[in-house]
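Some notes on the structure that comes next.
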């Protein structure tokens, strides 16, 4: 099933109402980018999806194997560099903390499994992003 997102851009800053048809959040740009900083930036939204997928994968595997864990937290930091040809190179550092009564071997296993989450694999895969076209709201 395809994932669909709709954006309603507001005239203030770069505020956008982001919706999947069931839930909505506010996106925006930070003040230094002339936004109003009232929501997550596009970069933060991408990293949020990756972080959420990683911690959900840890929890899924732990439940599947009956590991007794508590909170699972992640910290992601993105660094982007522009090459001489203008091509962007992105590095994302990921740190995951898992509370619970598990062995070090189980902890390492869960952290390794986080790298197999759907969004991580999707971001490392091939993307074919179509060029934007005009969308008529009445269609």
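What follows is calculated from the coordinates using simple rules that are stated; it is not laboratory data. In this text, all values refer to a predicted model and were calculated from it rather than measured experimentally. For neighbour counting, all protein chains shown are included, and Cβ atoms are generated from backbone atoms with ideal geometry for every residue, glycine included.
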State, as an integer percentage, the relative contact order of the range 41-128 based on alpha-carbon contacts under 8 Å between residues 6 or more apart. 34
Suppose only helical runs count, i.e. DSSP H with n ≥ 4. What mean residue ellipticity at 222 nm does that imply for the chain under -39500 (n - 2.57) per run, divided by all residues and rounded to the nearest 500 deg cm²/dmol? -9500 deg cm²/dmol
Take peptides 30-43, 48-61 and line them up by average Cβ neighbours within 10 Å, highest first, as a rough protection proxy. 48-61, 30-43
The range 28-77 to the range 122-136: how many Å between their Cα centroids? 22
Could you work out how far helix 104-114 tilts from the main Cα principal axis of the chain, as a 0 to 90 degree angle to the nearest 10? 20
Rounded to the nearest 10, the angle in degrees between the Cα long axis of helix 42-64 and the longest principal axis of the Cα atoms of the chain comes to 30
In Å and from the alpha-carbon atoms only, list the Rg and Dmax of the range 1-40. 11.2, 38
Cα extents of the chain along the principal axes, largest first, in whole Å, come to 54, 42, 31
If you project the alpha carbons of the range 44-88 onto their three principal axes, what span does each projection cover, largest first, in Å? 50, 15, 13
The range 68-139, Rg to Rh (Cα coordinates; Rh as Kirkwood inverse mean 1/r): 1.17
